[in-house]
Amino acid sequence: MKHTYFVLLAMVSLMALVSCTQAEISVIPQPVSVVEQSGTFELTPKTTIVVDKKTEELGYQLMNMLAPATGYLPTVQQKKAKSNCIVLSLNSKLKDLGTEGYKLTVTSKKVLIEAPEKAGVFYGMQTLRQLLPVEIYRQATVKGVEWKIPCVTIEDTPRFQWRGMHLDVARHYMPKEFVKKFIDLLAMHKMNSFHWHLTEDQGWRIEIKKYPKLTEVGAWRKETVIGKNTGKYDGKPHGGFYTQDDVREIVEYARQRYINVVPEIEMPGHSQAAIAAYPELGNTDKKLEVFTKWGVNPNVYNVDDSTIAFLQDVLTEVLELFPSEFIHIGGDECPKTQWKNSPKAQAKIKALGIKDEHELQSWFIKQMDTFLDKRGRRLIGWDEILEGGLAPGATVMSWRGEKGGITAAKAGHDVVMAPNSHTYFDHYQANPKNEPFAIGGFLPLQKVYSYNPIPKALNAEEAKRVLGAQAQLWSEYIPNAKHCEYMAYPRTCALAETVWTPLEKKDYDLFRERLETHLQRLEILDVNFRKLDKAQPVIGRWKSGQTDESFKPLQWDITKAVKEAGTYQVMFQYTGGEHRLDIKSVELLANDKVIAEDAHPGVTGGSTKDNVYTVSVDKLDKNARYTIRAVVRSDGGADSNGDVFLAKQ
Ligand code: ACM
């Protein structure tokens, strides 16, 4: 008895210690290793930043991170200092930490950020900033704050080399200043790839000197459809583009933040704006305007040699502007109707001795692959580039689930995971009833967090082909910067942890605790993030093997969560496995007697739909045992996993 008491006491004290630690250190993404010591380092007006030649630029960046809020302007010096200094140092002995890893040691005398490469020092600086009081993110002097950093040793390195975020500035143009803010926020989250979606049916957004009409004509549409192709239009012209100087400015801005900008020039589909500017690029004589509706569009580039040459001219200018190894050529959603009906396209199929329009698309992409390869670059495209045969050097961005990525990885191609099931940030974050209008889907924070970019179907060797993952912000229904931030945050925080933190260190509940602090930083940075929902307790889980193809009941005890009479929502959230969960009905039982039922078909995983059930407790019986019974099946097999949430309405 006594023994049990002490074990309990020890556990309670340990838990108190752990939670106190978490309250103090809230770094997102969670580092690989955090070892705390007692004591603090305090920034003062006399703190210096010690650099060498190689870390000098970083020293000034750190000064700019610390000076506005503290009001101290730390000297950046190459002279060594004994104490009250922050040292930025390259250390090749730490090469095991990789090109982006770092070691951060804080003692009461000094802060040392060491890394094998500069990128690591930069990430160490991001962590250091998050160890300070959240006020450090203010851009004006804050009085009365002690700028203390807890003594700690952090060793850190990312799980994936591609930690990306996409932004569609073509459906809705986003101003240059916002793009910079977007990049700043990515850097804060240790993301390193900005996929800039620059061309679309609805707008061409990058100046190309050789073809000025691309922006003179292609960057502007006369109006925009309201809602989902309702047939009603807003009557307001929309447009804008980035000059080559703007592009250079943004690329340099990103470079300073260790972010690679991957430009996307869409082809052969999603190209109506370019065809509106240069009709000879199209397949028909019909005069086109910049598209004013949404969706997959039949108007695609023709396959003439002159069109290939035109696109390669465009890419030539793009390569001058973007140092990125990877150049994205789209490749998605290219309807083949116009090629089927085009004598020229059919003649091309014959002349090339290929089978059909899918192989023609493959030929088209190969022209770009060869072109880029010759210039030392690599082609990346959406998973449709697998159609008709993948170009030899191509990297696949898997968006229609993970299937394309798996196929490509097994065939020895590199892959970036961007599945619409877990990384489409244009999808709803919560019940659509209470959210701004969105394209559809359901991607709550926890589902983003639950994502593992390495599919089970890959063996260890194949898994190395997965460079990482990224999220997508398609902007059909995201008309402005503030709305964009709302869709991006805090889901980007969850994604950042998914691509940086080792799988075994990921813990949603701890992440959510750290997020409470982190959101204060975003608030200070004037980010229009979506506020967290009240914690939704997970009341149960289903695991692989518990379900199969026939509908069967699963049951969870919720007695502890039922504290009062009222309406409760039960939500099923798929988290992994090969098979989605179909739900037939949910019953609430008190002492094994059904007291409420909600029967309707629901799905979670794949395309999640109607996965929330409502049941009521009319009168609370404090002595009753309450359970939830759901009749469910997993589609196609027994490999389905997920969480069941209960929320009081
Ligand atoms: C895509 O969402 N069409 C790549």
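Comparison of E289, E317, E325, E252 shows that the only residue that is at pLDDT 95 or above and in contact with a Lys or Arg (Cβ under 6 Å, 6 or more places away or on another chain) is E325.
Cβ-Cβ contacts under 6 Å between residues 6 or more apart (or on different chains), taken from a first residue in segment 324-352 that is more than 23 Å from D201 (Cβ to Cβ) and away from the ligand (no atom under 16 Å from the Cβ) to a second residue that is open to solvent by 60 Å² or more (accessible area, probe 1.4 Å) and charged (D, E, K, R), are listed as E325/R378.
Residue count for segment 132-180 satisfying the condition of being in contact with a Leu (Cβ under 8 Å, 6 or more places away or on another chain) and in a helix (DSSP H, G or I): 3.
Sub-6 Å Cβ pairs linking a first residue in segment 402-417 that is free of Cβ contacts under 8 Å to residues at least 60 places away in the same chain to a second residue that is open to solvent by 50 Å² or more (accessible area, probe 1.4 Å), at least 6 apart or interchain, are A409/R465; D414/R465; V415/R465, ordered by first then second residue. Out of A565, A638, A599, A624, one residue alone is exposed (fewer than 14 other Cβ atoms within 10 Å of the Cβ), of a type in the set (A, V, I, L, M, F, W, C) and touching a residue at least 24 places away in the same chain (Cβ under 8 Å). It is A565.
In segment 379-401, the residues that are closer than 20 Å to G164 by Cα and free of Cβ contacts under 8 Å to residues at least 24 places away in the same chain form Cβ pairs under 7 Å with partners that are more than 15 Å from the ligand (Cβ to nearest atom) and assigned to a loop (DSSP other than H, G, I, E, B), at six or more places apart or across chains, as follows: V396/H413.
For Q367, the requirement of being within 16 Å of the ligand (Cβ to nearest atom), of a type outside the set (D, E) and under 24 Å from S306 (Cα atoms) is not met. Listed by position, the strands (runs of 3 or more DSSP E) contained in segment 606-649 that have at least 1 residues being modelled with pLDDT under 90, touching a Lys or Arg at 6+ places or on another chain (Cβ under 8 Å) and farther than 20 Å from G401 by Cβ are 641-648. Checked against the criterion of being within 16 Å of the ligand (Cβ to nearest atom) and either modelled with pLDDT under 95 or open to solvent by 20 Å² or more (accessible area, probe 1.4 Å) (or both), segment 378-397 contains one or more residues that satisfy it. In this structure, is Q361 open to solvent by less than 30 Å² (accessible area, probe 1.4 Å), within 16 Å of the ligand (Cβ to nearest atom), at negative phi and touching a Pro at 6+ places or on another chain (Cβ under 7 Å)? Here the answer is yes, as Q361 does meet what is asked. On the given criteria, is D507 open to solvent by 10 Å² or more (accessible area, probe 1.4 Å), at positive phi and away from the ligand (no atom under 16 Å from the Cβ)? Judged against the criteria, D507 is not a match.
Among the residues of segment 562-602, the one identified as β-branched (V, I, T) and over 17 Å from L646 (Cα atoms) is V594.
Look at E435 and say whether it is touching a strand residue (DSSP E or B) at 6+ places or on another chain (Cβ under 9 Å), more than 14 Å from the ligand (Cβ to nearest atom), of a type in the set (D, E) and on the phi < 0 side of the Ramachandran plot. Yes: the conditions hold for E435.
This table checks each residue for (1) more than 16 Å from the ligand (Cβ to nearest atom); (2) buried (at least 17 other Cβ atoms within 10 Å of the Cβ); (3) at pLDDT 95 or above; (4) part of a loop (DSSP other than H, G, I, E, B).
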{"site": "G468", "(1), (2), (3), (4)": "yes, yes, yes, no"}
{"site": "W474", "(1), (2), (3), (4)": "no, yes, yes, yes"}
{"site": "I478", "(1), (2), (3), (4)": "no, yes, yes, yes"}
{"site": "K531", "(1), (2), (3), (4)": "yes, no, yes, yes"}
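Just one of the listed residues (V314, V303, V290) is open to solvent by less than 20 Å² (accessible area, probe 1.4 Å), among the hydrophobic types (A, V, I, L, M, F, W, C), part of a helix (DSSP H, G or I) and touching a residue at least 60 places away in the same chain (Cβ under 8 Å), and it is V314. Would you be able to say whether some residue in segment 242-261 is in a loop (DSSP other than H, G, I, E, B), surrounded by 18 or more Cβ atoms within 10 Å (Cβ to Cβ), more than 27 Å from the chain's Cα centre (by Cα) and more than 16 Å from the ligand (Cβ to nearest atom)? No, the conditions are met nowhere in segment 242-261. Here C85 meets the list (1) within 31 Å of the chain's Cα centre (by Cα); (2) open to solvent by less than 40 Å² (accessible area, probe 1.4 Å) almost entirely, failing just condition (1).
In this structure, does E461 turn out to be away from the ligand (no atom under 16 Å from the Cβ) and open to solvent by 50 Å² or more (accessible area, probe 1.4 Å)? In short, yes. With respect to (1) out of contact with any strand residue (DSSP E or B) (no Cβ under 6 Å at 6 or more places or on another chain); (2) open to solvent by 30 Å² or more (accessible area, probe 1.4 Å); (3) within 24 Å of C493 (Cα to Cα); (4) within 16 Å of the ligand (Cβ to nearest atom), the lone exception for G401 is condition (2). Given the criterion open to solvent by less than 20 Å² (accessible area, probe 1.4 Å) and either of a type in the set (S, T, Y) or away from the ligand (no atom under 16 Å from the Cβ) (or both), identify the matching residue among K410, K447, K374. The unique qualifying residue is K447. Of all residues in segment 143-171, those satisfying the criterion of being among the aliphatic types (A, V, I, L, M) and either within 23 Å of K110 (Cα to Cα) or open to solvent by 60 Å² or more (accessible area, probe 1.4 Å) (or both) are V145, I149, V152, I154. Would you say E280 is in contact with a Ser or Thr (Cβ under 8 Å, 6 or more places away or on another chain) and assigned to a helix (DSSP H, G or I)? Yes; evaluated as a whole, the condition is true for this residue. Residues in segment 115-132 that are under 18 Å from L519 (Cβ atoms) and either modelled with pLDDT under 95 or not aliphatic (A, V, I, L, M) (or both): Q126, T127, R129, Q130. Scanning segment 602-621 for residues that are open to solvent by 30 Å² or more (accessible area, probe 1.4 Å) and more than 22 Å from Y449 (Cβ to Cβ) turns up D610, T614, S616, D618, K619, L620, D621. Being assigned to a strand (DSSP E or B) and either aromatic (F, W, Y) or at pLDDT below 85 (or both) is the filter here; which residues of segment 570-605 pass it? The answer is F572, Q573, Y574, T575, G576. Every residue in segment 278-310 that is away from the ligand (no atom under 16 Å from the Cβ) and under 21 Å from G235 (Cα atoms), please. Correct list: K287, L288, E289, V290, T292. Within segment 29-76, the residues that satisfy the criterion of being under 14 Å from W147 (Cβ atoms), open to solvent by 30 Å² or more (accessible area, probe 1.4 Å) and among the hydroxyl-bearing types (S, T, Y) are T40, T44, Y72.
The values are calculated or read from the model by the stated rules, or taken from the named source; none is laboratory data. It should be emphasised that the depicted structure is a prediction, and the values quoted were computed from it without experimental measurement. In this analysis, Cβ positions are derived from the backbone assuming ideal geometry, glycine residues included, and neighbour counts consider all displayed protein chains. Side chains are part of the model used for accessible areas, which takes the heavy atoms of the whole protein and leaves out ligands, DNA and RNA. Shrake-Rupley method; radii C 1.70, N 1.55, O 1.52, S 1.80 Å.
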